[in-house]
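The values are calculated or read from the model by the stated rules, or taken from the named source; none is laboratory data. What you see is a predicted model, and the numbers here were worked out from it, not measured in a lab. Neighbour counts run over all protein chains shown; Cβ positions are idealised from the backbone, glycine included.
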Amino acid sequence: MSAQTIQNLVTSTADPGFAVDMLGSISAWNSAAADLLGLSEAQALGRPCHELLKGTDEGGVTCSDHCLIQQSLSKNHPVRNFDLQIETKSGREWCNVSILMVTDSRTGSRHAIHLIHPREMLKRLELLVRDFLVAETELTPESARRLLASARVHSTAKVTLTARETEILRLLARGLATKTIADQLSISLKTVNNHITKILAKLDAHTRFEAIRSAQRAGLV
C-alpha cells in the first residue's frame, strides 16, 4: 500500500488515529487525533511519537524511541491492544491503543497505525479495584492486574467467525488491500467483499478499522 493509502486509512476512521514510521516519527495524522491531543497535522507530522504522547503504562514505564511498538515494527510482529496514559489537550488520560502494521509498497518501509480509544473513567475504576484486591487479599499488584485483564469481557468475544472470515480479518489486520486478499486466497473480489460485509455485521462495526480493533481487543486476531 502506498503512503497516500496509509494516510487515507488513518483519515477514514472517526477514532483518533495516526501512523508512526520505522524511525518512530509521525507519518500520518487525522482530525480526531488533533481534537484529542490538541495538535494539528502540521504540528504532529515528522515529530517523534513518544514526545507527543508522553505515555506511561500501569508500571510507570514511559514511552521512548525504543518502545515495544518500534521493536515490533522492525520485526513486523503484531501487537495486542494495550492501555496507556497519554498527554491530551485536557490533561493526562488513560486510553486503549490498538496497533495495525502496514507496509508502504513503494519504499518497503513499515508503519504502525495507532487507533486511540479514551477510557479514563473505566481505567480509574479498574485501578481502584486492583488496589482494593491488593489491600484485601494476598494478590500481588501484577496478579491483580492479570485477573482484571482476564475479566475484562468485551461483547465481541461472543462473536463466532467462520474459518474464512477469520482468515480474511487477519489479512485485513496486516494492512492488505481487498484485491491483494482476493489474489492471495484465489477467490473473487466480490467474494472477499461479501465476507467483509458479514464480518462488519457480526462485529457491529461500520468500518474495517473498527472491525480490526474490536477483533484485536477480543483476541480474535
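Taking the residues in segment 1-26 that are crowded, with 17+ Cβ neighbours inside 10 Å, in contact with a strand residue (DSSP E or B) (Cβ under 7 Å, 6 or more places away or on another chain) and of a type in the set (A, V, I, L, M, F, W, C) as candidates, determine which candidate is nearest to Cys67 (Cα to Cα).
Val20
If you take just the strands (runs of 3 or more DSSP E) that sit entirely in segment 1-105, which of them hold at least 1 residues that are at pLDDT 85 or above and among the charged types (D, E, K, R)? Quick ask: steps written out before the conclusion?
Values: elements: 17-20, 26-29, 82-88, 91-103.
Once the strands (runs of 3 or more DSSP E) in segment 1-105 are filtered for at least 1 residues that are at pLDDT 85 or above and among the charged types (D, E, K, R), what remains is 82-88, 91-103.
Exactly one of these conditions fails for Trp29: (1) over 30 Å from Thr180 (Cβ atoms); (2) surrounded by 19 or more Cβ atoms within 10 Å (Cβ to Cβ). Give me its number.
With respect to (1) over 30 Å from Thr180 (Cβ atoms); (2) surrounded by 19 or more Cβ atoms within 10 Å (Cβ to Cβ), Trp29 is out only on (1).
Hey, could you check segment 107-130 for residues that are modelled with pLDDT of 70 or more and surrounded by fewer than 17 Cβ atoms within 10 Å (Cβ to Cβ) and say which is farthest from the chain's Cα centre (by Cα)?
It comes out as Thr107.
Filter segment 145-172 for residues that are under 12 Å from Leu203 (Cβ atoms) and either at pLDDT 65 or above or touching a Phe, Trp or Tyr at 6+ places or on another chain (Cβ under 9 Å) (or both) and give the result.
Matches in segment 145-172: Lys158, Val159, Thr160, Leu161, Glu165, Thr166, Leu169, Leu172.
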